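The values are calculated or read from the model by the stated rules, or taken from the named source; none is laboratory data. Just so we're clear, the structure is a prediction, and the values are computed from it rather than from any experiment. All Cβ positions, even for glycine, are placed from backbone atoms using ideal geometry, and neighbour counts span all protein chains on display. Protein only, heavy atoms only, side chains kept; ligands, DNA and RNA dropped before computing areas. Shrake-Rupley method; radii C 1.70, N 1.55, O 1.52, S 1.80 Å.
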Amino acid sequence: MSRDTDRGIGQRVAEERKLAGWTQPRLAQEANVSVSLVRAVEQGRAPASPAFVSSVAKAFKTSPAEILGQPYPRTTRDETEVSSGIALIRSELAAYDIPPAGLQPRAIAEVAADVERMRTLRRASSLRQMSQDLPVLMTEVRALVHSEQGGNLQRAYRLLCEMYLCARGLAHKLGYTDLMTVAIERLGWAAASTGSRLWVTSAQYFRASILTSTGDWNTALVYLERCRAELESELGNDDTEHLVSWGGLHLQSGLAAARAGDRDTADAHLAEARETAARVGDPDYHEPVFYFGPTNVGIWSVGLAVEMLDGTEGINRARNLPVPASTPKSRAGHLYIDLARGFLLHGDRAKTLDALNSARKIAPIQTRYHPMVHETVRVLARQEARSTESLRGFAAWCGVGQ
């Protein structure tokens with residue numbers, strides 16, 4: 001399959017369908033979606049949701065990345081710089097349990113300071129800087145794991161977890177889904193040696209996200225239920241780590257249910273997360289592992305409505321949603337990406353572009369590489385009787401041919 005960014009999801013779906021020798025009704029049957037939706041997506045009249053993409057990919061026995069055309073080709077110097085660390089990160093993930101030859105790491109406190117800086121870059125979606133700095137730091141943290149003992153060894157494993165979470169974030173945002181999967185596997189391996197409930201939960205959360213993204217929603221829901229069962233007996237203590245873990249797992253369950261088309265279950269998980277966030281108390285709570293609290297649950301509530309193709313509800317949920325200045329740019333940017341999708345579903349094209357521009361201002365590289373941004377721009381351009389200069393400019397900026 002070509003990865004030419006001049007072609008959208010609909011064109012790739014039509015190409016794969018014809019290669020399989022299927023009619024549109026056959027694809028609809030195999031993917032458990034409506035014929036009208038297949039037709040509308042192929043014609044570029046309706047946006048392909050993540051649920052549609054994963055369902056179709058599963059029917060074709062391929063990956064969502066192939067349907068999305070990811071990772072996008074690097075055609076400029078900037079795009080090359082953003083992806084410059086990918087090959088080295090891939091090698092580092094392969095060497096995870098091997099001591100780096102001849103490397104004497106700095107004192108753990110010095111390394112921890114750089115890891116904290118990397119965490120800040122991750123939450124700010126500073127992908128270019130992450131790509132440049134992460135590989136070398138990952139190697140040094142790996143050396144720490146093989147040189148420290150006692151309490152410092154657990155601390156070193158926690159630092160390594162952050163490295164794997166950064167690698168996961170970079171790979172995810174740039175569309176390297178195979179690398180993202182390996183990073184999550186390594187996160188699970190390292191988390192088991194941290195002595196931290198939150199790091200273990202983080203690994204579970206992202207493992208479930210893989211199942212959700214590939215359309216295995218029921219397995220994701222069963223797995224997340226099992227993970228929460230490990231926590232339930234501790235919730236009465238109001239321990240922050242357990243509350244954040246509990247709430248985060250409910251959000252991930254809400255996403256799996258939303259993509260499965262089960263609105264009642266999605267809303268029930270959202271309500272559990274909202275109640276848990278209220279128990280955490282701080283509306284903008286920043287835990288080093290999870291960003292969780294009322295603000296983030298509010299952002300998720302918008303996204304879940306859009307995942308269920310209810311743009312109007314997503315817009316309503318976003319009204320009067322406070323987003324403090326300290327909210328990580330990755331989360332604030334994602335809010336506006338979801339809002340753009342919501343406005344498109346709602347039929348408000350002007351506000352769709354406004355939301356995309358807000359996302360671009362907050363987290364430019366994240367926005368530029370987000371497949372749902374590309375899909376929203378394509379459908380918006382097709383719906384416009386005459387493409388505006390601002391829309392053409394945005395499309396050119398994110399590499400979408402019209």
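The table for this structure:
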| quantity | calculated |
| --- | --- |
| Estimated vicinal HN-Hα couplings, Hz - region 197-208 in sequence order (Karplus 6.51, -1.76, 1.60; Gly, Pro = x) | 4, 5, 5, 4, 4, 4, 5, 5, 4, 7, 5, 4 |
| Helical contribution to [θ] at 222 nm, DSSP H n ≥ 4, -39,500 (n - 2.57), averaged over the chain, rounded to 500 | -22500 deg cm²/dmol |
| For the chain, accessible area per residue (1.4 Å probe, heavy atoms of protein chains only), Å² | 42 |
| Tally of Lys pairs whose C-alpha atoms are under 26 Å apart, taken over the chain, 8 or more apart or cross-chain | 10 |
| C-alpha center-to-center spacing [region 225-284, region 119-133] in angstrom | 28 |
| Gaussian network model of the chain, Cα within-10 Å springs - most flexible of Gln104, Gln129, Gln252 | Gln104 |
| Length-normalised contact order for region 40-130 - Cα pairs under 8 Å, 6+ apart - percent | 18 |
| Distance between region 346-382 and region 295-319 - C-alpha centres, whole angstrom | 16 |
| Fluctuation leader among Leu339, Leu103, Leu198 - the chain, Gaussian network, Cα springs under 10 angstrom | Leu103 |
| Of Pro324, Pro71, Pro135, the one that fluctuates the most in a GNM where the chain has Cα springs shorter than 10 Å | Pro324 |
| For the chain, with +1 on Lys and Arg beta carbons and -1 on Asp and Glu, the positive-most of Thr23, Ala278, Phe290 along the dipole | Thr23 |
| Accessible carbon and sulfur surface of the chain relative to its total accessible area, %, 1.4 Å | 49 |
| Potential extension, Val136-Gln154 segment - 0.36 nm per residue separation minus Cα distance | 4.4 nm |
| Whole-Å semi-axes of the chain's equivalent ellipsoid (Cα gyration tensor) | 34, 25, 21 |
| Relative contact order of the chain, defined on C-alpha pairs under 8 angstrom at six or more residues apart (%) | 14 |
| Whole-number percent relative contact order across region 1-69, with pairs defined as alpha carbons under 8 Å at least 6 apart | 40 |
